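The values are calculated or read from the model by the stated rules, or taken from the named source; none is laboratory data. Everything numeric in this text was worked out from a predicted model, so none of it was measured. Reconstructed Cβ throughout: ideal geometry from the backbone, glycine too, with neighbour counts over all protein chains shown.
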């Protein structure tokens, strides 16, 4: 169906309820009512007061401002709404017109305050550290200053600004703001200062807080409050640890309080706290003046009956002082602290006058009087204090002051008090007696002591009583008292006093009896007793007891000359040797030629030449200059020097004597014998060089000249020049011919010497009957021992030797020289070298005349390198010719051995033993050819080495060697290496240059292994002395053996220092320090290492077969370098060595460790040293490695000579856990050396 249009419908009329004009009228009426009833002003006021910051209110306020632009209330309301919304930019923009208008009155105040509020709110809303916050923080001080200056603000608002400043840690600004408080020209309320002060104090601003209180004090009308504010301000400064500033402020602000006693009291304490004793004394002086004024006022009032309470009982039941004790005490202490001792003493004296029963002030007066230089006043006060209180310190002060003030009454009072406590104190009793005597009252003193003795008898009291009675002249009382004491026990000094009293009465026998009775308790150092005893003995002519006493007296350092002379005189007949010794003491004590000659004469009388020489040697240069003008004295002194071993001095004396008597054969002979006996071959050789030709003309000197050449180990010269030419003339001289036999024997012509002795014995045998029986017995004993040594070695000869030594003694018990030499010979023949040394020490001590031949023989026999070196260094040419060569070889000085042998051969043409020694010495410089073969198993790698070495002597002190060899390596059971290159071939050249004090060695070569390297090393071995050797070595590109990787492909640069000190025959200490830089042979840097090792070796046996025990400690530290795995050199190491394992170039880095171990070795030096006999050698040891744990090392071998001029050694060695390679290693090595 089609839709029909509405326009086509008929229009209908609507029904109307009200007419249009009525409707308009009703609307107008409603609008009028709304206008009348709407609360416009209340709504505006509500909007102004609203603080919600909602959008509707904000829009409404903006609309209102459009209709009323100049309304400040609406604008401020709009600002507050924006502030509530935290829209600080909008708030600041809305407020800007109001600030720009420069209004006056409350509106301006509100606008400026709202401006500060906006600033503060934004500041608080921003996070600390933000850029905007930093800007506002910088503006804060200025904004606070502007805010506090806003006109019309209340004091509360301003105080709130001060609090804001304090809360922002702006204490200085707070003070500045507070100082600006003067609104409308009115003064600030003092309470504000107190409030601000409290705030500042809470923030630790002590100075500001105190300053505000002082400001408040200036405006405070009440005097008590002003006083309180003053004290409070000063205490605030004091509590801030500002005592000096507090004192200065208090003195500056004192003002009206200057006459306030309590304030002055406080200022005194403050000055003392500020360490200002001068100001403390100043205020104390004022305080005391004020206190005296108050005392005077109270006293006047008390006299008038107004203030009687001053004199009544106060606290504690004691009377109240008419002065302030607290103030006086503080004033006293202040004066003491400032060193104003006189003022302090006056204060104390005033206090004592006012309170005489106060012992505290008496003590203060006593001490201050002492300090002020008034000891009389101090003693008076101490005495009163001591008598009233009985205090020991007071009595001590009395006893201390009274003696210096000569106040014996006070001293006596103190001493009597003290003796009541310790009645047996002898010192106190002595002082009491002396005091009584000084007072002229000895009888009172005797009575006092007798009273004590009756109540409590004691030796001390009785001794004091006897002393006082003796000095008072009551001898009977003194004797009775002393004898009563002797009944209780003898005393040395008491007996001497009794004897002295009896001697005074002429009773010498009684006096000596008293002294004799006390002898049982006398000590040797009781000098007075023994002197008195000796004097009484001489008076009674009792020489024996006089000698005993004088023997003790002469040991004292204060002996008199007559006492020493008396003793010498008494000893001369009964003990001449003791008399000589006493005469010597007299010479040392008193000097003078008489004493010296007396001592020398007595010693010579007794045959004590050593003592004669000792006396001569003790002469001063002046005394010697006086006596040495006489030849006999020079001879005596020379003999003394010779006996004491001072050969240089003895020779000087003989030379001086020869100057006085140049033609004296005796002096020439004595000089030669001096050099012979002293083993001074150097001077003997020089003397013969200068004088032999002239002295040889004197036949009397031929014997001693022959002895001189024998002493120089040149018996051939002695025989040719002085003995054999005179052989026929002395054919019947038994002693002379025996000397010829000794020369022949020394010249190794044993058969001729024996035949000569046999012939002389046959000639002399018939004369034996004319000898004394003792001489015959001695000769027979010597002959029996000589035959027993040759024919009956062992126990039989030993027993016979003991018999001879037991019987062959001098009258004084000492062995005769022949017996001593016989004993030494027996010990040497039997190899008892320790016994030789012990015998030498026992018989000769450190004397220089001990047999040198025995010393060197024992040292050589024991192989004591240290002692041999010391003897060689000291004596050198003085040693017997064979021993000198052997000693030089033992200490390693081969040049000296050869020189000594060649020099001696010039004079000893037929000396076969010397020829043999020279041959051995030459062997040490022979050319050599060495062959070495070694097979090693090194923890998974097998290694075989072949080498040959040719060593040539280019000069006596220069040797060169060339070593050519190869090393082949193979992988055993190791899984770490893919290949192990060997070294084939290698060539090394060495040069050794021997110096007098050491050796320099240089090594240069080429080794073809992982890469071709050229090692170079230089080493200096320095002999510092015969016992100490130091070696310094530097090497470049040297083989490194710290681990397998370095052994195969590494090298190192090194610097090493080694020292070896042989401090005894059996002991030596070695120390090694090393620094190393490791590289692979292709140049890759591996790192650096440091090594130290110390070793102590003790030789249990030094001769072959030898045995040594050693202990060693070592430490090794490695510092690796950074290795780049991509480095071509590192890659090369990886590919060539570790291609089949996970290891790389870092495997070349050695590990650090600490090592300790013990080792026992036997003949290990034969591994290289020559030995003709076949001998075994070996070593065994245990060790502890910090990385590998416990380990061991063991080696066995054999060494010897096959053809006489060669040497070989075959050795097997195995170790585990040592340095570097921690795994087990095994080595078999063969060494062969041929000398040519």
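Overview of values
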{"read-out": "Region 1103-1128: number of residues that are in contact (Cβ under 8 Å) with a residue 24 or more places away in the chain, in contact with a strand residue (DSSP E or B) (Cβ under 9 Å, 6 or more places away or on another chain) and not in a strand (DSSP E or B)", "value": "5"}
{"read-out": "Listing of helices (runs of 4 or more DSSP H) fully contained in region 404-514 that carry 1 or more residues being modelled with pLDDT under 80 and under 54 Å from the mean Cα position of the chain (by Cα)", "value": "408-421, 426-438, 459-471, 492-504"}
{"read-out": "Filter result (crowded, with 16+ Cβ neighbours inside 10 Å and in a strand (DSSP E or B)) within region 967-986", "value": "967, 969, 983, 986"}
{"read-out": "Total residues in region 1034-1058, condition surrounded by fewer than 17 Cβ atoms within 10 Å (Cβ to Cβ) and modelled with pLDDT under 95", "value": "1"}
{"read-out": "Residue list for region 1066-1084, restricted to those being in a loop (DSSP other than H, G, I, E, B) and touching a strand residue (DSSP E or B) at 6+ places or on another chain (Cβ under 6 Å)", "value": "1066, 1081"}
{"read-out": "Which numbered condition residue 1101 fails, given (1) modelled with pLDDT under 90; (2) more than 30 Å from residue 1176 (Cβ to Cβ)", "value": "(2)"}
{"read-out": "Residue in region 1147-1161 that is over 43 Å from the mean Cα position of the chain (by Cα) and either assigned to a loop (DSSP other than H, G, I, E, B) or surrounded by fewer than 19 Cβ atoms within 10 Å (Cβ to Cβ) (or both) present", "value": "no"}
{"read-out": "Filter pass, residue 614 being within 30 Å of residue 668 (Cβ to Cβ), within 51 Å of the chain's Cα centre (by Cα) and free of Cβ contacts under 8 Å to residues at least 60 places away in the same chain", "value": "yes"}
{"read-out": "Which numbered condition residue 181 misses (of (1) modelled with pLDDT of 65 or more; (2) buried (at least 17 other Cβ atoms within 10 Å of the Cβ))", "value": "(1)"}
{"read-out": "Any hit, region 699-722, residues being assigned to a loop (DSSP other than H, G, I, E, B) and at pLDDT 85 or above", "value": "no"}
{"read-out": "Every pair of residues 6+ apart whose Cβ atoms lie under 8 Å, when the first sits in region 934-957 and is in the same structural domain as residue 1043 (by TED's automatic domain parsing) while the second is part of a strand (DSSP E or B)", "value": "none"}
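For (1) loosely packed, with under 14 Cβ neighbours inside 10 Å; (2) modelled with pLDDT of 75 or more; (3) not in a helix (DSSP H, G or I), each residue gets a yes or a no:
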{"residue": "109", "(1), (2), (3)": "no, yes, no"}
{"residue": "134", "(1), (2), (3)": "yes, yes, no"}
{"residue": "147", "(1), (2), (3)": "no, yes, no"}
{"residue": "165", "(1), (2), (3)": "no, no, no"}
